[in-house]
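One structure is given below, encoded as structure tokens.
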């Protein structure tokens, strides 16, 4: 065989060898990446599960979640879920945070009924308690530390139901500076749920005619809760 033919043959042999080695390397790298992902997923799952008690369900927070939505979905009271997960502020959770859903039903004390409407006449608090009684024959039981913005916390203290989803006849609670509320927050009663997801609420002490009952459209969202007996 001539010299130039030998050189060409040698080059061809080594090029094939290089191609084979290259393909094998790619396969090995992809295999390692896949193995790493599987191991990481198993470690993460085990780590997340280890944060929760045996029998609990594990939920990982995704974008758009609120603790209220998670509580509603799993039929757990918001206060109970926050306490169970040691969450000091139920309005603050984080993407990828592990939420433990209690595996066993917890018997909460029954909600407490009030005995009358002791709020100052004309205030939004007086009207909300009065209108709720008209609809459900139940007064709110909290009469102290009960500025409008505090009603969600007080409702939890008296074992009333708290949700971020509206329902007919529920008390709406706006936190300060939400949806036009001032520094003391605001409460009213849901009279209608609109097709756009907003609610029509009856109120007193809202707007120019503060001494009259007015009807205002509000949008559910951050800083808005709905309270029911």
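Checking the structure you have, find out if any residue of the stretch 153-171 is surrounded by 21 or more Cβ atoms within 10 Å (Cβ to Cβ), touching a helix residue (DSSP H, G or I) at 6+ places or on another chain (Cβ under 9 Å), free of Cβ contacts under 8 Å to residues at least 60 places away in the same chain and not in a loop (DSSP other than H, G, I, E, B). Looking through the stretch 153-171, at least one residue is surrounded by 21 or more Cβ atoms within 10 Å (Cβ to Cβ), touching a helix residue (DSSP H, G or I) at 6+ places or on another chain (Cβ under 9 Å), free of Cβ contacts under 8 Å to residues at least 60 places away in the same chain and not in a loop (DSSP other than H, G, I, E, B). Tell me which residues, restricted to the stretch 134-146, are surrounded by fewer than 16 Cβ atoms within 10 Å (Cβ to Cβ) and either modelled with pLDDT of 95 or more or in contact with a strand residue (DSSP E or B) (Cβ under 6 Å, 6 or more places away or on another chain) (or both). Answer for the stretch 134-146, where residues must be surrounded by fewer than 16 Cβ atoms within 10 Å (Cβ to Cβ) and either modelled with pLDDT of 95 or more or in contact with a strand residue (DSSP E or B) (Cβ under 6 Å, 6 or more places away or on another chain) (or both): 134, 135, 136, 137. Mind listing just one residue for me: the one in the stretch 216-229 that is surrounded by fewer than 16 Cβ atoms within 10 Å (Cβ to Cβ) and at pLDDT 95 or above and, of those, nearest to residue 121 (Cα to Cα)? If we take residues in the stretch 216-229 being surrounded by fewer than 16 Cβ atoms within 10 Å (Cβ to Cβ) and at pLDDT 95 or above, then 217 is nearest to residue 121 (Cα to Cα). Checking each residue in the stretch 220-229 for being closer than 22 Å to residue 135 by Cα and assigned to a loop (DSSP other than H, G, I, E, B) picks out 220, 229. For the stretch 184-215, filtering for residues that are out of contact with any helix residue (DSSP H, G or I) (no Cβ under 8 Å at 6 or more places or on another chain) and surrounded by fewer than 18 Cβ atoms within 10 Å (Cβ to Cβ) leaves 17.
Checking each residue in the stretch 72-103 for being without any contact (Cβ under 8 Å) to a residue 60 or more places away in the chain and part of a helix (DSSP H, G or I) picks out 73, 80, 81, 82, 83, 84.
The values are calculated or read from the model by the stated rules, or taken from the named source; none is laboratory data. Source: prediction; values computed, not measured. As a convention, Cβ positions derive from the backbone with ideal geometry for all residues, glycine included, and neighbour counts pool all protein chains shown.
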